[in-house]
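Quick note: the coordinates plus some simple rules give every number you see, no bench work behind them. As the structure is a computational prediction, the values presented were derived from the model and not from experiment. Quick reminder, even Gly has a Cβ in these numbers, built from the backbone with ideal geometry, and neighbours come from all protein chains shown.
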Amino acid sequence: MTDQTATPQSFSASVPLRGQIAIPGDKSISHRALMLSALAVGTSRVTGLLEGHDVLATAAAMRAMGASIERREDGEWHIDGVGVGGLLQPRQALDMGNSGTSTRLLMGLVASHPITATFIGDASLSGRPMGRVIDPLGQMGADISASPGGRLPLMIRGLAPAVPLAYRLPMASAQVKSAILLAGLNTPGITEVIEPVPTRDHSERMLRGFGADLTVETDGEGTRHIRIRGEAELRPQTIIVPGDPSSAAFFIVAALIVPGSDITIANVGLNATRAGLVGVLGQMGGNIELLNAREVGGEPVADVRVRHSTLTGIEVDPAVAPSMIDEFPILFIAAALAQGRTVTTGLDELRVKESDRLAVMAAGLRAIGARVEERADGLIIDGSGGDSLPGGATVAGHLDHRICMSFAVAGLVSEAPVTIDDIAPVATSFPNFEALLAELQQ
Ligand code: S3P
């Protein structure tokens, strides 16, 4: 899973992007579909599963803990679960690769099972903070020995029965919320997550879909109280995974900034807790149409038509950050091509993603000739007004798929090619990114 050989890749000024594409399945939903199916009793079927390295790491871990998971030739995945409470002791360390979501959510599952698991990951993942899940899961009774700084490698010994908890999230994190709810599945009584700032709600939707007793109440202050009753019994499901809006984001911005472009991206998930980027780009003057809005697998979906547009810089409201938390790297590229100044604030969480996305984006943007100022909690970018960027530099991707794809898109509007030092990380979330780009360039 951990690839040590770097594969540089260059991206240069593009012809207009045209045509229709479908993007791969949503990463967050794919992880959850595998985990919950692996805990149901009986066979679940999943279509549209994202077959990126991160999700495959989750599949391998669930197999190591007893689930049977198979991909059929037609692309449908069949999962035979072990039942809540039935996870088996894995015989080897669980290799999470680059995936924070796999790590934190699976730690939640292990925390309330009578098993011990060791989690390891690549250099990026091993630098990311796990204290945010160690703390609540420890309060539920799990015994966790982490590397210094609360990092991977770490070992977690679950407790069954675990102790139910009411926990107020100290930061906006769907991963922390989900880790606690998943631990709550096998914990007798009510486990409650108190969420002052709403984050993606795929766990809540899917847990209910699988038959868990889960309620969400919003109090007078707008704080969400999510309560799950354990020990739950999950019923197998048939799941259709919608296209990932965080992957669509790269082509949405590419079409907005490459002159003459007009593309349609089919079947994009547009759950309100994920769709912030579309609104922000709309405020900047982006011509984005949502067509054929519908529901797929309990999630709102639409086809997204995007045409080249003159963008104008704005001050991005920090309140929208959680609904586009993974889209800031590509928004910064859009801002670098806009007219005037874009100001972003309230983005401290970007510093603990697959890389420090504020520092890494600022360094890369500077290297390709954009004007950018890095602040503690955001970037200020003065755009080119639609003119090409100079480009002509090699950008360090720091094992961060979204950094790599963002600078690939920047290369499409640069005078001299932009080289990504290692393109391999793209396969964690979007294995056919380059193939789809080539399709739109024909
Ligand atoms: C995710 C939650 C977000 C996001 C990540 C996927 C999830 O992380 O950045 O890519 O699937 O729950 P945080 O919970 O750290 O914000």
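Using the charge dipole of the chain (Lys, Arg: +1 at Cβ; Asp, Glu: -1 at Cβ; taken about the Cα centre), state which of 8, 69, 30 has its Cα farthest towards the positive end. Toward the positive end, the furthest listed residue is 69. For segment 1-95, the ratio of Cα radius of gyration to the globular rule of thumb 2.2 N^0.38 Å stands at 1.38.
The Rg/Rh ratio for segment 28-142, using Cα coordinates for both the radius of gyration and the Kirkwood hydrodynamic radius, is 0.96.
If you plug the beta carbon distance of residue 294 and residue 315 into 1/(1 + (r/R0)^6) with R0 = 35 Å, you get a FRET efficiency near 0.55. Projecting the Cα atoms of 211, 309, 383 onto the charge dipole of the chain, computed from C-beta unit charges around the Cα centre, puts 211 farthest toward the positive end.
Put simply, the Cα atoms of segment 311-407 extend 30, 29, 20 Å along their principal axes, the longest span coming first.
Segment residue 208..residue 157, full-extension length gain: 15.6 nm, with 0.36 nm per residue of separation and the alpha-carbon distance subtracted. Between residue 363 and residue 351, the simple spin-label model (points 7 angstrom out along Cα→Cβ) gives 1.5 nm.
Scanning residues 5 or more positions from residue 393 or on other chains, those with amide H under 5 Å from its amide H are 419, with H placed 1.01 Å from N in the peptide plane. Normalising by residue count, the chain has a Cα convex hull of 126 Å³ per residue. Using every pair of distinct Cα positions in segment 27-240, the Kirkwood expression returns a hydrodynamic radius of 16.8 angstrom. Given the Cα-Cα distance of residue 147 and residue 375 and 0.36 nm per residue of separation, how much length would full extension add, in nm? Stretched fully, the residue 147-residue 375 segment lengthens by 79.1 nm.
When each of the peptides 115-126, 195-206 is scored by how many other beta carbons lie within 10 Å of its residues on average, the order from highest to lowest is 195-206, 115-126. Once you have a ≥ b ≥ c as the square roots of the Cα gyration tensor eigenvalues for segment 282-326, tell me rounded if a/c is under 1.5, and otherwise prolate or oblate according to whether a/b is larger than b/c. In terms of gyration-tensor shape, oblate. Extent of segment 195-245 along its three principal axes (Cα atoms, max minus min coordinate, largest first): 36, 33, 11 Å. When the Cα gyration tensor is reduced to axis lengths a ≥ b ≥ c, the ratio a/c is 1.5 or higher for segment 224-303, and with a/b above b/c it is classed as prolate. With an 8 Å cut-off on Cα pairs and a minimum separation of 6 or more residues, tell me the relative contact order of the chain in percent. That works out to 18 percent.
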